[in-house]
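Colleague: Below are the structure tokens for one structure; questions will follow.
The values are calculated or read from the model by the stated rules, or taken from the named source; none is laboratory data. The structure displayed is predicted, hence computed values, not measured ones. All Cβ positions, even for glycine, are placed from backbone atoms using ideal geometry, and neighbour counts span all protein chains on display. SASA here: full protein model, heavy atoms, side chains in, ligands and nucleic acids out. Shrake-Rupley method; radii C 1.70, N 1.55, O 1.52, S 1.80 Å.
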Amino acid sequence: MIPPELQSRSFRPYIAASIISPSSSSSYPTASPYSPNSNFPSSSTSSSRSRFSASFFAHNTRIALALAPCAAFLLDLGGAPVVIILTLGLMIAYILDSVNFKSGAFFGVWASLITAQIAFYFSSSLIFTFNSIPLGLLAAFLCAQTNFLIGAWASLQFKWIQLENPTIVLALERLLFACVPFVASSIFTWATISAVGMQNAAYYLMVFNCVFYWMFAIPRVSSFRSKQEVKYHGGEVPDDNFILSPLECCLHTLNLLFFPLVFHVASHYSVIFSSAASVCDLLLLFFIPFLFQLYASTRGALWWVTKNVNQLHSIRVVNGAVALIVVVICLEVRVVFHSFGRYIQVPPPLNYLLVTVTMLGGAAGAGVSALGMNSDAFSYWAFTALTVTVSSVGAIVVGFPVLFLPLPAIAGFEFARFVTKKSLSSYFSFVVLGSLIVTLFVLHNFWDLNIWMAGMSLKSFCKLIIAHVVLAMSVPGLALLPPKLHFLAEICLISHALLLCHIENRFFNYPGYYYHGMEEDVMYPSYMVILTTFVGLALVRRLSVDRRIGPKTVWILTCLYSSKLPMLFISSKPVVWVTAVLLLAVTPPMLLYKCADILFEDF
């Protein structure tokens, strides 16, 4: 369901028509169901000026998460000359700003960036690095565009520019939101390829495109519009108070859907039809972003297509069903049977049918739950039957003993009851049964193998994995307990983070394992360290926003997850724990600052 503040007036009869002025009604004849997340170009310059309000740029954190890593990567490419020039230039700009010479500081920042860019061209040797003049020139243009966007972002921090040139400030804000997703995803992919290789480059680009689409392409409120505009139409913000227009949103959608696919075709054109797995790559690179786009439409991402709620729901259901079937089938070919075929205990052709039922049923259940389509009685029983079927068939696929098949069926029933009825007792029953199922699966498949991994036996690793899964399954239920019992969720989260740091530290820093005296390479890729780190940080932020965990736990978890990143640069076994202790030692002032902010907000 769409919250009231996102609904049109036709869905909110409690808003009296008398509170809407005639001028407002004539200017905005059609109410948008996604008006807080939509944008149209302003009707006139005078109207924009009258509604302009000089204020702090509210999207600094969002821009910093995208452009700060890009700036660090460019500094690494440019080397010492760029760092020296930029440091000296910014020091001069800081001195000018400290003596209240604001215009001098502004031009000092831009002069520093331009000079550093010129030095970058002479020190980076991009043409020789790519061994191609077109690619080198394209990379140079990308670096220059990134540098320009950093300058535009810096310009928004000068309030005198907001006061003297309001239209320029609005244009810079719109420029940032329009261009940063393209630039940031390209730079992030470039850096990732430099670290881990080119083989899965299109998938890296797809992931970064999805992340930055969510951050920037979902329409946001402008920082420089009058706050009084929010009160128009009973809470609806006028369309021209938002940053992006339909044109930019359309371009972002095209980039999300087609750029990873085109990039893959351009870099693997000789093998794109060489096997079934290669064809599945093409389909996945289109339909996974397409599914993400449909999910983002629940936040107003497709407001530029239609504003009718029923039409949007139809678009999501029909297109989502087709995309889901394609993605599931391609994942079966590309991942399940390719990498985990040895664990499928059912002979062909029955294995293909059962795996398809399991994956497609699970994906359909997740989609129904995400769209909130399991609220009535019929949907409840259909969702419950689907969950029980998926869990039972999945247990058969992995060779679960027939004697214990009621366990996954009951676990599926309890999970469905938790999702639909929000029953905590059902969830903890699911956790107990799920933990037992995982334990039986691990004992059945791995316990008797005489293998040493990362300096420890496989049995020790199985114990760690079981504990890790049990802790991860317990967190959602513990987080829903009353506030007085939130300390249980905090203890579980900290224990889970410590265990994750230990496992990744062992596997990433021990390069080989021993199997009957034979040493082979163990591949725990660096992108897994990055992925688990940022997923953990995102989970911490979500729980903190929902007031499920306290500031001290947020501080500890942030330090633990961040301490894994130095593994990528420093080859040392104790680097994770040394970094964690260092972060815990030097960051308490930040914790006190956050606590003070919370106290003042409550006051």
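Colleague: Label points 7 Å out from Cα along the Cβ direction at SER98 and ILE410: separation in nm?
Modeller: 7.0
Colleague: Still on this structure, please answer the following. Can you pull the accessible area of ASP448 for me, 1.4 Å probe, Å² to the nearest 10?
Modeller: 140
Colleague: OK, next. Treat each spin label as a single point 7 Å out from the Cα along the C-beta direction, and report the HIS444 to PHE56 distance in nm.
Modeller: It is 5.7 nm.
Colleague: Is the range 426-494 rounded, prolate or oblate when judged by the Cα gyration tensor, a ≥ b ≥ c being the square roots of its eigenvalues, rounded requiring a/c under 1.5 and prolate requiring a/b larger than b/c?
Modeller: It is oblate, given that a/c is not under 1.5 and a/b is not larger than b/c.
Colleague: Using the structure shown, list the pairs from LYS159/LYS307; LYS484/LYS552; LYS421/LYS459 with a Cα-Cα distance above 27 Å, or answer none.
Modeller: Checking Cα-Cα distances, LYS159/LYS307; LYS421/LYS459 exceed 27 Å.
Colleague: Between SER495 and VAL578, what's the calculated FRET efficiency when r is the beta-carbon distance and R0 is 22 Å? Round to 0.05.
Modeller: Approximately 0.60, to the nearest 0.05.
Colleague: A further question follows. Between SER425 and GLN157, how many nm apart are label points set 7 Å from Cα along the C-beta direction?
Modeller: The two pseudo-label positions are separated by 5.7 nm.
Colleague: In addition: With every protein chain left in place and a probe of 1.4 Å, what is the accessible surface of HIS444, to the nearest 10 Å²?
Modeller: Roll a 1.4 Å probe over it and HIS444 shows about 110 Å².
Colleague: Heavy atoms only, 1.4 Å probe, whole protein assembly: order VAL211, VAL368 by accessible area, highest first. All intermediate terms of the calculation are to be shown ahead of the outcome.
Modeller: On the way: VAL211 65, VAL368 45 Å².
Sorted by accessible area, descending: VAL211, VAL368.
Colleague: Moving to a separate point now. So if we plug the beta-carbon distance of LEU247 and THR306 into 1/(1 + (r/R0)^6) with R0 = 25 Å, what FRET efficiency do we get, rounded to 0.05?
Modeller: 0.95
Colleague: May I pose another question? Provide PHE404, PHE487 ordered by accessible surface of protein heavy atoms (probe 1.4 Å), highest first.
Modeller: PHE487, PHE404
Colleague: Can you give me the C-alpha center-to-center distance between the range 439-515 and the range 311-382, rounded to a whole angstrom?
Modeller: Here the answer is 27 Å between Cα centres.
Colleague: Report TRP214's accessible area, 1.4 Å probe, all protein chains in place, as a number in Å² to the nearest 10.
Modeller: The accessible area of TRP214 comes to roughly 80 Å².
Colleague: Ok, one more. For the range 234-374, just say rounded, prolate or oblate: build the C-alpha gyration tensor, square-root its eigenvalues into a ≥ b ≥ c, call rounded for a/c under 1.5, and beyond that prolate if a/b exceeds b/c, oblate if not. List each step's numbers first, then the result.
Modeller: On the way: a/c = 3.69, a/b = 1.59, b/c = 2.33.
Here the range 234-374 falls in the oblate category.
Colleague: As a test of reading the structure, rank THR167, THR579 by solvent-accessible area (1.4 Å probe, protein chains only), most first. Mind dumping the intermediate values first?
Modeller: Details: THR167 55, THR579 25 Å².
Descending accessible area places them as THR167, THR579.
Colleague: While we're here: From the backbone phi of the range 75-87, what are the Karplus-calculated ³J(HN,Hα) couplings (6.51 cos²θ - 1.76 cosθ + 1.60, θ = phi - 60°) in whole Hz, Gly and Pro given as x?
Modeller: Running phi through 6.51 cos²θ - 1.76 cosθ + 1.60 with θ = phi - 60° gives 5, 5, 5, x, x, 4, x, 5, 4, 5, 4, 5, 5 Hz.
Colleague: Quick check on the range 66-139: take the gyration tensor over C-alpha atoms, sort the square-rooted eigenvalues as a ≥ b ≥ c, and tell me if it's rounded (a/c under 1.5), prolate or oblate.
Modeller: Working: a/c = 2.73, a/b = 2.67, b/c = 1.02.
Prolate, because a/c is 1.5 or more and a/b exceeds b/c.
Colleague: In Å and whole numbers, how far do the C-alpha atoms of the range 166-225 stretch along each principal axis, longest first?
Modeller: Its Cα atoms span 46, 18, 11 Å along the three principal axes.
Colleague: Take the Cβ-Cβ distance between VAL335 and SER526 as r, set R0 to 22 Å, and report the resulting FRET efficiency rounded to the nearest 0.05.
Modeller: 0.65
Colleague: Also: Quick one: net charge of ILE549's neighbours, Cβ under 11 Å, K/R +1, D/E -1? Let's see the in-between values first.
Modeller: Working: positive: ARG541, ARG542, ARG547, ARG548, LYS552; negative: GLU490, ASP546.
Neighbourhood net charge equals +3.
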